[in-house]
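Below: the structure, in structure tokens.
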């Protein structure tokens, strides 16, 4: 878990340090993903002499475990509903309809299944909220290879900010950083990382949410 004091400024240098820590995990993530795909280390072992048999068999038990477990866990999409006894039936129905519309728009059943599978492969996964070109809220999964969340140092360990990034065609890192109130573009330059184009968001929390396996 990445942690940072809540009363300190989040600068490009701070982001650079956390990206460096995150990239130290990439090799492990790639190993886990390769195991799920059946790309086992035995396939890359030193070849034997030509006159010796060199048969290599991969039994993809990791994929079997992940797919079967998540078939039971998330094979049926969860049903989310809203009912506040202090509200009128009309108010409850209005909010319930908004929730159902969000579920349909984001294909919540598929989202939960993919999140469960990804968490089983890597140990955790991330959901990313954003506004599409129609200003509608969308929710997608992103790989731990491309995202991380930093928490404050309080006993509650509240999310402080989240980062999603990729490596562009110029071999430079670019992406987005989101706090509980604002979003920033992130770009790697000659002198480190720059945060720019600060804009407020209205999610009420960090819009990158971590799902942890066996937490």
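Pairing residues of segment 54-71 that are at negative phi with residues that are loosely packed, with under 10 Cβ neighbours inside 10 Å and at pLDDT below 85, at Cβ distances under 7 Å and at least 6 apart in sequence or on separate chains, gives 54/47; 56/42; 58/42. For segment 200-215, a residue qualifies if it is surrounded by 17 or more Cβ atoms within 10 Å (Cβ to Cβ) and outside any strand (DSSP E or B), and the qualifying residues are 201, 206, 207. Scanning segment 80-97 for residues that are over 22 Å from the mean Cα position of the chain (by Cα) and either exposed (fewer than 11 other Cβ atoms within 10 Å of the Cβ) or in contact (Cβ under 8 Å) with a residue 24 or more places away in the chain (or both), we see that the one that is nearest to residue 37 (Cα to Cα) is 81. Are any residues in segment 159-199 more than 22 Å from residue 26 (Cβ to Cβ), touching a residue at least 24 places away in the same chain (Cβ under 8 Å) and either in contact with a helix residue (DSSP H, G or I) (Cβ under 9 Å, 6 or more places away or on another chain) or in a loop (DSSP other than H, G, I, E, B) (or both), and if so, which ones? The answer is 180, 194, 195.
Residues 13, 9: which one is under 30 Å from residue 155 (Cα atoms), in a loop (DSSP other than H, G, I, E, B) and either in contact with a strand residue (DSSP E or B) (Cβ under 8 Å, 6 or more places away or on another chain) or without any contact (Cβ under 8 Å) to a residue 40 or more places away in the chain (or both)? Quick ask: steps written out before the conclusion?
On the way: 13 fails: in a loop (DSSP other than H, G, I, E, B).
Going through 13, 9 in turn, the sole match is 9.
For segment 143-150, the criterion of being touching a strand residue (DSSP E or B) at 6+ places or on another chain (Cβ under 6 Å) and surrounded by fewer than 17 Cβ atoms within 10 Å (Cβ to Cβ) is met by no residue.
The values are calculated or read from the model by the stated rules, or taken from the named source; none is laboratory data. Since the model is a prediction, treat every value here as computed from it, not as a measurement. Glycine also receives a Cβ, built like all others from the backbone with ideal geometry; neighbour counts cover every protein chain displayed.
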